[in-house]
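A.B. asks: One structure, as structure tokens, below. Some questions next.
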Amino acid sequence: MNALKNPAHRAWLVLLVATAITWYLGEVGAAGTLSIVAMLLIAFVKGRLVILDFMELRNAPALWRALLEGWLILVSSLILLAYWISLK
Amino acid sequence: MCAMTAIAPTAPETPARRLPGDLAIWFFILAEMLAFAVFFSAYAFARATHVAEFNLYQQTLDRNLGALNTVLLITGSWFVVLAVQAAHRDDRPAIPRNILLGFLCGAGFLAVKVVEYAAKFGAGISMSTNTFYMFYISLTFFHFMHVILGMVILAILWVQARKGVYGSHDAHGLESGAAYWHMVDLLWIVLFPLVYVMR
């Protein structure tokens, strides 16, 4: 359990589990609003882990952290908007 | 004086906020990410007007290979973080070793992608087949090129690391290359659910 003190190890494990969940949602043919929101949330959590623990921006100047996290929010929002339009 | 020396070593360390690597690489990364943001949005909005087509042809994609490639990039990124951590604690042999493992994960990604492309192109699918395949091929190929560039950077880092360039005294070059490699991973983390799974 000592190994889990390293944020990179924790991030790697969460990323693997999150990938398995997205794959599983594909396998069961998940579709529609709820599954789209779930997959975007999973992608957001994964992206944030990469930004904070792999790119090591957790303790970077606030501007750069905001720019990359902002990119993730922007992309997720645009995708959500486009999918919402497609359901109209 | 006595109180000062007693307090100093136990005072909590608050490391200054620091951007890993060189500032220039972060501007480059941001520019690349904006290009991909445009691509991702273009895919999503094109899909909004071709929902039936996108949902139909998305099912022809190999989700297992897509997920396997996600695992390869995540693991490749993780190895490169371990290389940076090794540099900070001056564990010299672990630096090139982890860079090499990260590079091999990238090579695995390319191999899986080639298998996937071979199946699609072998079935006569091309950019002009339909809108969905146009996006699938251009988006994944644009990303594919970035994986190759990331691997070229890792190869340079490996050579430099073997020369003993990186350590706690200086890891800027290593951190810059690592940041680019993580960007390649970050982009795939959005691309995989978007193109392969979301419907």
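A.B. asks: Can B:Gln58 be described as within 26 Å of A:Leu16 (Cβ to Cβ) and in contact with a Lys or Arg (Cβ under 7 Å, 6 or more places away or on another chain)?
C.D. replies: yes
A.B. asks: In the stretch B:124-139, what count of residues is obtained for those that are of a type in the set (Ser, Thr, Tyr) and surrounded by 18 or more Cβ atoms within 10 Å (Cβ to Cβ)?
C.D. replies: Residues that pass the stated criteria total 2.
A.B. asks: Residue by residue through the stretch B:144-199, note down the ones that are among the hydroxyl-bearing types (Ser, Thr, Tyr) and either within 14 Å of another protein chain (Cβ to nearest Cβ) or closer than 21 Å to A:Ala18 by Cβ (or both).
C.D. replies: Correct list: B:Ser176, B:Tyr180, B:Tyr196.
A.B. asks: If you take the residues in the stretch B:37-47 that are under 13 Å from A:Val75 (Cβ atoms) and of a type in the set (A, V, I, L, M, F, W, C), which one is most open to solvent (accessible area, probe 1.4 Å)?
C.D. replies: Ranking the qualifying residues of the stretch B:37-47, first place goes to B:Val38.
A.B. asks: Then there's this: Out of all the residues in the stretch B:148-187, which are assigned to a helix (DSSP H, G or I), more than 30 Å from B:Ala37 (Cα to Cα) and touching a residue at least 60 places away in the same chain (Cβ under 8 Å)? Break it down stepwise before answering.
C.D. replies: Here is the first cut: in the stretch B:148-187, the ones assigned to a helix (DSSP H, G or I) are B:148-162, B:172-187.
Subsequent filtering for residues that are more than 30 Å from B:Ala37 (Cα to Cα) retains B:158-162.
Hits for the stretch B:148-187 are B:Trp158, B:Ala161, B:Arg162.
A.B. asks: Among the helices (runs of 4 or more DSSP H) contained in chain A, which hold 3 or more residues that are within 21 Å of B:Trp26 (Cβ to Cβ) and facing another protein chain (nearest Cβ under 7 Å)?
C.D. replies: Helices (runs of 4 or more DSSP H) meeting the threshold: A:62-86.
A.B. asks: Going through the stretch A:22-64 one residue at a time, which ones are open to solvent by less than 60 Å² (accessible area, probe 1.4 Å), charged (D, E, K, R) and in contact with a Leu (Cβ under 7 Å, 6 or more places away or on another chain)?
C.D. replies: A:Lys46, the sole residue that qualifies.
A.B. asks: Please determine, by comparing only the residues of the stretch B:23-36 that are open to solvent by 10 Å² or more (accessible area, probe 1.4 Å) and within 8 Å of chain A (Cβ to nearest Cβ), which one is farthest from B:Gly150 (Cα to Cα).
C.D. replies: Within the stretch B:23-36, the match that is farthest from B:Gly150 (Cα to Cα) is B:Leu34.
A.B. asks: Then there is this: Exactly one of (1) of a type in the set (A, V, I, L, M, F, W, C); (2) farther than 27 Å from A:Arg48 by Cβ; (3) assigned to a helix (DSSP H, G or I); (4) open to solvent by 10 Å² or more (accessible area, probe 1.4 Å) is unmet by B:Met145. Its number?
C.D. replies: So B:Met145 meets the others, but not (2).
The values are calculated or read from the model by the stated rules, or taken from the named source; none is laboratory data. This one's a predicted model, so the numbers in the text were calculated from it and none came from an experiment. Quick reminder, even Gly has a Cβ in these numbers, built from the backbone with ideal geometry, and neighbours come from all protein chains shown. Heads up: the accessible areas ignore ligands, DNA and RNA and are worked out on the full protein's heavy atoms, side chains in. Shrake-Rupley method; radii C 1.70, N 1.55, O 1.52, S 1.80 Å.
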